[in-house]
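Computed from the coordinates by the stated procedures, all read-outs in this text should not be read as laboratory data. Predicted model only: the values in this text are computed from it and were never measured. Here Cβ is always computed from backbone atoms with ideal geometry, including for glycine, and neighbour counts include all displayed protein chains.
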């Protein structure tokens, strides 16, 4: 059984899955629109939470939120199911496919063997769509891939029931009710307002543009504090968080700028386009940061001066984003 | 980033399987979608992360050869797992996993426990317990 389904590649897995699933159900939202309305952009640096001994820096909100916020704002009802046993989960999946419904699900990247080996770490919050079954293999639309692929039964079971943090527990989801009428304008402004509000106005120093400034401050002293070898490892991790698969470049800044660009046309608001241009510049700065950081990692030599320079770059970027999102807040406040 | 500046670095880790999607601007500042086959800084950062993993795997292999560790340690490192992650797959405590990384405790494991560990790494019990297999893996 194969569901007639159009796959479009996207930069980010969560917004891509939502965009592809909704297109099947007759709602056409481009990926940046989903990302923007779902308020996907964020920044947080959490030095007290460490993964493999490296503090967490995230350029986006936590997994699952984009989907949740987006469907709330457009008025889509989503059914999410969680399973206790793999057998039950696979039967439920087969039943949905039998009904002709593509199904979104949470998986672990480690078991998706169609991805290049270099990407396959234990990351348990990757979203894919399964839209058919052929010769015992499942047909997969992975939003980060150019084309649709296949996965075997065993691999899919492993991916859906991976252990660790967070556990997917076979979670799958599909829309059950699509609104016939919704206010796009309202949803757009709501998304913009929340993002700009969270980026500038949360009174905690480790989130939003303040968080970026805080990271810059800490990064400056990494070589002294943790030694050269570790400092370079941490820096490499930061590049990966910013540029690896699913970010669309510059830690989601380009996707969000694309959203502002599209929103400015939908809302006929020239200011948003201006801000999109400014955010593009800020994204370019982040790309420069990643470029120089990559140099430091490649040469495996760090002296405090290079780290100080990198910190300056990041700080300038934080300052610019503070201004951009402050302006965005002012624009969206009255809407 | 302008669309003709989207990096296309030949040296990448994508094995030709993947050309990621980027958002880049056209000459008027509007966004378009462009595919990219790779970018050096990202490749460097990724390679660095794998170097750390591979270093740990190699060290584990050496320890197993010297009889200081059990094959469990090797397969754990090879699958980029931690004792607690192995524990949740094999439904045991991470402390026990740590203990079983020593040959003394590993040798005393029942067939049932070994099967659970083998299941975790998707290999057979014979493969899990056969140390000679690691010798041949000499790179």
Legend entry - Cα centroid separation, the stretch B:82-139 to the stretch A:264-322 (Å): 45
Legend entry - Base-10 log of normalised Debye intensity for the stretch A:173-236 (one unit scatterer per alpha-carbon) at q = 0.13, 0.26, 0.27, 0.30 Å⁻¹: -0.63, -1.02, -1.05, -1.12
Legend entry - Burial ranking of peptide ranges A:212-218, A:262-268, B:129-135 (average Cβ count within 10 Å, highest at the top): A:212-218, A:262-268, B:129-135
Inset, instruction - Please arrange A:335, A:210 by counting, for each residue, the other beta carbons lying within 10 Å of its beta carbon, fewest first. - result: A:335, A:210
Legend entry - Alpha-carbon gyration tensor eigenvalues x 5, square-rooted, for chain B, Å: 43, 16, 12
Inset, instruction - Compute the relative contact order of chain A as a whole-number percentage, counting only Cα pairs closer than 8 Å that sit 6 or more residues apart in sequence. - result: 21
Legend entry - Global geometry of the stretch B:1-66, whether rounded, prolate or oblate, following the gyration tensor of its Cα atoms and the 1.5 cut on a/c: prolate
Inset, instruction - Using R₀ = 45 Å, calculate the FRET efficiency as 1/(1 + (r/R₀)^6) where r is the Cβ-Cβ separation of residue B:102 and residue A:8; round to 0.05. - result: 0.30
Legend entry - Which of A:259, A:254, A:48, A:67 has the fewest Cβ neighbours within 10 Å, and the rest in rising order: A:48, A:67, A:254, A:259
Legend entry - Cα-projected label distance for residue A:146 with residue A:27, points at 7 Å along beta-carbon direction, nm: 3.1
Legend entry - Computed lengthening from residue A:135 to residue A:165, 0.36 nm per intervening residue step minus Cα-Cα distance: 7.6 nm
Legend entry - With Cα atoms, 0 to 90° folded angle of helix A:65-74 axis to chain A main axis: 70
Inset, instruction - Among B:54, B:79, B:12, determine the one that fluctuates most according to a GNM of chain B built with springs between C-alpha atoms less than 10 Å apart. - result: B:12
Legend entry - Tilt relative to chain B, helix B:111-121 - C-alpha long axis, 0 to 90 degrees, to 10: 10
Inset, instruction - Please give the average number of partner chain Cβ atoms lying within 10 Å of the Cβ of each residue in A:289-297, rounded to a whole number. - result: 4
Legend entry - Cα shape, the protein assembly as shown, gyration tensor, a/c 1.5 rule: oblate
Legend entry - Per-residue Cβ neighbour rank within 10 angstrom, fewest leading, A:144, B:86, B:32: B:32, A:144, B:86
Inset, instruction - Name the shape class, rounded, prolate or oblate, that the alpha-carbon gyration tensor gives for the stretch A:48-205, where a ≥ b ≥ c are the square roots of its eigenvalues, rounded holds for a/c under 1.5, and otherwise prolate holds if a/b is larger than b/c and oblate otherwise. - result: oblate
Legend entry - Degrees, to the nearest 10: A:270-299 long Cα axis against longest axis of chain A: 80
